[in-house]
Amino acid sequence: MKDKQQTNTLQQSVEQAIRTYLADLDGEIPCNLFDTVIAEIEQPMLQTVLQHCNHNQSKTATYLGINRGTLRKKLKQYQIDSIASDR
């Protein structure tokens, strides 16, 4: 079951990254950890999927399981250029 393996790998990567981040804080209490992690994951995910879909917003939204309006809002939030640079 390839999808389950990919999900486990992604989950393990996120878990390891969070463990490393917390260890690097060296006892300091993080501020807004949830928002920080979501922003750190969401922005590159949007960029990567958008590029994979050749900047087709409808296709990107379908891949992400969100509607195109939500995608456009998030692209604006993260100031991600939704137009391919080679066009």
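The values are calculated or read from the model by the stated rules, or taken from the named source; none is laboratory data. Keep in mind it's a predicted model, so treat the numbers as computed, not measured. When we count neighbours, we look across all protein chains shown, and the Cβ atoms used for this are built from the backbone with ideal geometry, even at glycine.
Observations
- Thr20 passes every criterion in (1) of a type in the set (Ser, Thr, Tyr); (2) touching a helix residue (DSSP H, G or I) at 6+ places or on another chain (Cβ under 7 Å); (3) loosely packed, with under 11 Cβ neighbours inside 10 Å apart from (2).
- Complete set of residues in the range 61-83 that are closer than 15 Å to Met45 by Cβ and in contact with a His (Cβ under 8 Å, 6 or more places away or on another chain): Tyr63, Ser82
- Single residue of the range 31-87 satisfying the filter (modelled with pLDDT of 95 or more and small (Gly, Ala, Ser)) that is surrounded by the fewest Cβ atoms within 10 Å (Cβ to Cβ): Gly65
- Checking every residue in the range 22-39 against the condition of being assigned to a helix (DSSP H, G or I) and either of a type in the set (Lys, Arg) or in contact with a strand residue (DSSP E or B) (Cβ under 7 Å, 6 or more places away or on another chain) (or both) gives zero matches.
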